Amino acid sequence: MYFSAIGLILVFAFGERINQKAVKSITRMDEWLVRSNGRAYFLLGSFILLYSALWCSLTFLRHYYFHSEAYDLAIQDQVVWTTSQGFWFARSFEVANDLGDHVRPYLALLSLLYLAIPSPYVLLGFQSLVLALSAWPLYLLAFRKFQSPAIALAIAFCALAYPPLGFVNRAEFHAEIVAVPLLIAAYERIDVGDLKIAGIFLGVALLGKENIGLSVSALGLMTAFYHKRWGFGLAWCLAGLAYSLIALFVVIPAFRGAPSDTLMRYQWLGSTPVEMFWTALTSPLLILSNLGMAERFLTLLQLLAPLAFVPLFSLPILFPAVPTLAYNFLSSQPYQIGIYNQYMVPVIPFLMIAMVLGLHRMRRSVSRDAEFEKARLGSLWSGQALGLGVSLLLFATMASWIYENPLRGHPYSSALARRKVEQADKEDRKSSWPSFIQPNDAAIREGLKRVPNDVYLLTANNYAPHLAHRRQIQTIRRAPVLALPAGVEAVFLNLKDVRRRSCDDYFQNLQAAAGTGFGVTFFRDGVILIEKSKGDRKRLDGLLARWPGCK
């Protein structure tokens, strides 16, 4: 965050000069762009394609070299695949049907793509393209507000270079990412009064996940009071709230056979949803005393600093982000608090919208009192200070990649957040993380080819995404392991890769398998495949008797 302080120093020291140069550059760029109707759209399209290409390349490589994970790529890949096979929303991780975990009907639509290309690469590519398309409605909104293609392109660039967006793109695959461009597009249509199309965008956004309903509800409320679209706003306020509540308290329990496990993250507030709500409403001091405010404040800085805090100039537009921030900050799950996973997806579109309207509000507010401000503080604070605002926005966004680079994995910049995550997941952090390419890569790929397609499989976290196209798959259990899950027919492990599981976990799972008739059908360079009632049982017994460890 030091770059925010540097930016402020530059403003006070060289602000007027920066502003003048920026205005000239924007003017020249606008003149060049308007000479041809297609230039601005060509550049916008180039931004979108470059973003998609960059993140497709990164996520494809992460998956190809076994850095994607069961949670959540394998889960959602399996759901999409089983749905394409006619088993709607079927899965084997945690619950038998995905509707018992989350309500995300969009996965059924994605299953149509699997009829042609059944591959997790389809999901990863789709995610990168969808997030890239967020720049399109944002450009339209910015162009209408500023009548400057250069400023609109600068805003689109900042949106695509926004680190929290990159972290979301990197974090496996999540269906709710469709809400980012759709909520921006919905607001862009609301801004021009095209409520029918806005309603379509909002309706489709709800299909991403049950929590999107809260964002839609808050957006409806903001539309009613801020834009005075009372009927439309209140209707969507009620519709979004009803969608989330029905999904959480009716649909998920019906398919799960128990209340949603999401509620477990808030049990420190009470044993029932009513008690949780009442505690949050009546005991704010208790909540503040139990929360690590340093981590929450850091997250707010991480969300706002890359946008030069410009969204704060348009606070009403940030209101729809409040429900997501509230339930994330109240959660006992440490991963939910930060920007490095999917949990901030519903916050991102409103920060981007507020970036546009905050910049526009700065210009309007300054222009309204231009003569007074000019006499008091100089020409920097005239109506032309927009150039300085755009410059700061570009500086803050590009500088943020120095301290929050989404191309690097697991970038916990806060020591407090890192300690909390390690405390919650000690076993996952015991071993060192391997190099990008596994030393026994060739053996892994040969072993994967030997895994039968139609068996109930146990495997490790980073190999599940490569083996999820089957009705039954689980990750291996942690020690102590007395028996394998009922019905397991095969186990695939890389003994040289102890991410997320320990060497003792591997040993005890193999030991449990050896006692129930499993034999080795493939073993090379630490990669082992065992199958029930098949293979060499003596070889498995011998391996366990002379256990080589996991090196």
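The values are calculated or read from the model by the stated rules, or taken from the named source; none is laboratory data. Values in this document were obtained by computation on a predicted structure and should not be read as measured data. When we count neighbours, we look across all protein chains shown, and the Cβ atoms used for this are built from the backbone with ideal geometry, even at glycine.
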Quiz item: Can you tell me which residues in segment 409-446 are small (Gly, Ala, Ser), under 17 Å from CYS550 (Cα atoms) and at pLDDT 50 or above?
Solution: SER435, ALA443
Quiz item: Can you tell me how many residues in segment 459-483 are in contact with a strand residue (DSSP E or B) (Cβ under 7 Å, 6 or more places away or on another chain) and crowded, with 23+ Cβ neighbours inside 10 Å?
Solution: 6
Quiz item: Can you name the residue in segment 156-182 that is not in a helix (DSSP H, G or I) and not hydroxyl-bearing (Ser, Thr, Tyr) and, of all such residues, is surrounded by the fewest Cβ atoms within 10 Å (Cβ to Cβ)?
Solution: ALA161
Quiz item: Quick check, is TRP88 assigned to a helix (DSSP H, G or I), outside the structural domain of LEU393 (by TED's automatic domain parsing), farther than 23 Å from ILE197 by Cβ and not acidic (Asp, Glu)?
Solution: no
Quiz item: Is segment 187-201 home to any residue that is crowded, with 20+ Cβ neighbours inside 10 Å, among the charged types (D, E, K, R) and at pLDDT 95 or above?
Solution: yes
Quiz prompt | Verdict on PRO316 being crowded, with 23+ Cβ neighbours inside 10 Å, more than 15 Å from the chain's Cα centre (by Cα) and under 18 Å from ASP191 (Cα atoms) | solution = no
Quiz item: Based on what the data block shows, is TYR41 in contact (Cβ under 8 Å) with a residue 60 or more places away in the chain and part of a helix (DSSP H, G or I)?
Solution: no
Quiz item: For ALA235, which of the numbered conditions (1) loosely packed, with under 12 Cβ neighbours inside 10 Å; (2) under 30 Å from MET355 (Cβ atoms); (3) not basic (Lys, Arg) fails to hold?
Solution: (1)
Quiz prompt | Scan of segment 183-213 for residues that are outside any helix (DSSP H, G or I) and of a type in the set (D, E, K, R), ordered by number | solution = ASP194, LYS209, GLU210
Quiz prompt | Checking LEU153 against (1) within 22 Å of LEU303 (Cβ to Cβ); (2) buried (at least 22 other Cβ atoms within 10 Å of the Cβ), the condition it does not meet | solution = (1)
Self-check item: Subset of segment 67-100 [among the charged types (D, E, K, R) and touching a Ser or Thr at 6+ places or on another chain (Cβ under 8 Å)]
Solution: ARG91
Quiz item: Which ones in segment 517-549 are polar (S, T, N, Q) and free of Cβ contacts under 8 Å to residues at least 24 places away in the same chain?
Solution: SER533
Exercise. Please specify each residue of segment 100-110 satisfying the condition of being more than 18 Å from ALA247 (Cα to Cα) and buried (at least 20 other Cβ atoms within 10 Å of the Cβ).
Key: LEU110
Quiz item: Does segment 15-56 hold any residues that are β-branched (Val, Ile, Thr) and farther than 18 Å from TYR139 by Cα, and which are they?
Solution: ILE18, VAL23
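Each row is one residue, and each column tells you yes or no for (1) closer than 24 Å to VAL168 by Cα; (2) surrounded by fewer than 17 Cβ atoms within 10 Å (Cβ to Cβ); (3) at pLDDT 95 or above.
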{"position": "ILE6", "(1), (2), (3)": "no, yes, no"}
{"position": "GLU31", "(1), (2), (3)": "no, yes, no"}
{"position": "TRP55", "(1), (2), (3)": "yes, no, yes"}
{"position": "PHE60", "(1), (2), (3)": "yes, yes, yes"}
{"position": "TYR64", "(1), (2), (3)": "yes, yes, yes"}
{"position": "HIS67", "(1), (2), (3)": "yes, no, no"}
{"position": "ALA70", "(1), (2), (3)": "yes, no, no"}
{"position": "VAL80", "(1), (2), (3)": "yes, no, yes"}
